[in-house]
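Q: My structure is below; once you've seen it, I'll send some questions.
The values are calculated or read from the model by the stated rules, or taken from the named source; none is laboratory data. What you are looking at is a predicted structure, and each value in this text was computed from that prediction instead of being measured. Cβ sites come from the backbone with ideal geometry, for glycine too, and all protein chains shown count toward neighbours.
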Ligand SMILES: Cc1cc2nc3c(=O)[nH]c(=O)nc-3n(C[C@H](O)[C@H](O)[C@H](O)COP(=O)(O)OP(=O)(O)OC[C@H]3O[C@@H](n4cnc5c(N)ncnc54)[C@H](O)[C@@H]3O)c2cc1C
């Protein structure tokens, strides 16, 4: 219930204005966000790589409302990739991109604008020796995102997809994407979705996640298991053994600031672990979704607010 309210709040511009201006917010977001500048993302990436993990970096922002902003976000990714290349980090660090931040949501030819911008980012990533993963947003964008993915993969076959276990359609999408060379991040799904398209009970989402893992492990692609759920991580380990998958033929992914000890434990046991590192000023939607997922994050936020009074 609370989760649903917070997920809805993540799209409220009024609440956004209030929370973004609260002085305490900046302190709280530091736990989950690398910082505001490319230099912050690069510094945190270096620390994580030095610990033996890999990284995917997200420049925070979504639902871009004008062309100028979409192009500015694209330019930011090009600068980020140049900085990663210059610091020699691109063998362990890639980028995650939300298509709505680079034009997908613009009226008219938004899909074409997003594709053109994504091509520039994928080309810069290829030049730097790394990859791009397209984050998945709410279900109204799934078809468009998968169309853009399919077009991008013609020239950039390593472009990563994201599928959300909460959606009824996802098992079928997993089957379509479980082919050789196909990088697929499987997550539960962070958006509030209606019963017409998505499981409403978390147990059903978990069951769907397991079915999807079986399809991905059983296929020829590269599964990227994005979850902090201890039960699902344990099942992933058993499935990897059952499908004779060596570490490195799949990976675990977790968010920056979430279960850092578990991230290190998995990496030290020989698993490939990638940390999703967000940076930038536009942190509101991202933080609200994290609080919706985990009441402890909300408690942490409220405790910090209370202690500043
Ligand atoms: C790398 C990555 C990329 C993602 N990309 C996308 C995307 O493109 N699109 C999208 O819709 N969603 C994305 N997500 C978010 C995802 O869909 C979920 O909303 C989010 O990961 C929470 O689900 P969960 O699987 O961690 O399990 P939850 O159901 O949130 O938690 C299950 C259990 O995991 C444990 N747990 C969870 N979080 C923590 C924590 N912080 N500390 C300690 N224990 C914890 C608890 O035991 C909890 O009961 C991404 C997530 C990750 C990790």
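Q: Can we say residue 209 is surrounded by 15 or more Cβ atoms within 10 Å (Cβ to Cβ) and more than 10 Å from the ligand (Cβ to nearest atom)?
A: no
Q: Quick check: is even one residue across region 229-242 in a loop (DSSP other than H, G, I, E, B), modelled with pLDDT of 95 or more and away from the ligand (no atom under 14 Å from the Cβ)?
A: no
Q: Determine whether residue 250 is at pLDDT below 95, over 22 Å from residue 203 (Cβ atoms) and touching a strand residue (DSSP E or B) at 6+ places or on another chain (Cβ under 7 Å).
A: When the stated conditions are applied, residue 250 does not pass them.
Q: Counting only residues that are more than 13 Å from the ligand (Cβ to nearest atom) and either in a helix (DSSP H, G or I) or closer than 20 Å to residue 248 by Cβ (or both), how many does region 174-206 have?
A: The number of residues fulfilling the criteria is 9.
Q: Something else: Restricting attention to region 130-154, report how many residues are under 16 Å from residue 172 (Cα atoms) and free of Cβ contacts under 8 Å to residues at least 12 places away in the same chain.
A: 2
Q: Look through 192, 202, 182 and report the one residue that is farther than 22 Å from residue 270 by Cβ and at pLDDT below 95.
A: After applying the criteria, what remains is 192.
Each row is one residue, and each column tells you yes or no for (1) at pLDDT below 95; (2) within 13 Å of the ligand (Cβ to nearest atom); (3) surrounded by fewer than 21 Cβ atoms within 10 Å (Cβ to Cβ).
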{"position": "225", "(1), (2), (3)": "no, yes, no"}
{"position": "262", "(1), (2), (3)": "no, yes, yes"}
{"position": "273", "(1), (2), (3)": "no, yes, no"}
{"position": "287", "(1), (2), (3)": "yes, yes, no"}
{"position": "302", "(1), (2), (3)": "yes, no, yes"}
{"position": "308", "(1), (2), (3)": "yes, no, yes"}
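Q: Further, regarding this structure: From (1) touching a residue at least 24 places away in the same chain (Cβ under 8 Å); (2) surrounded by 16 or more Cβ atoms within 10 Å (Cβ to Cβ), pick out the condition that doesn't hold for residue 236.
A: Against the list (1) touching a residue at least 24 places away in the same chain (Cβ under 8 Å); (2) surrounded by 16 or more Cβ atoms within 10 Å (Cβ to Cβ), residue 236 comes up short only on (1).
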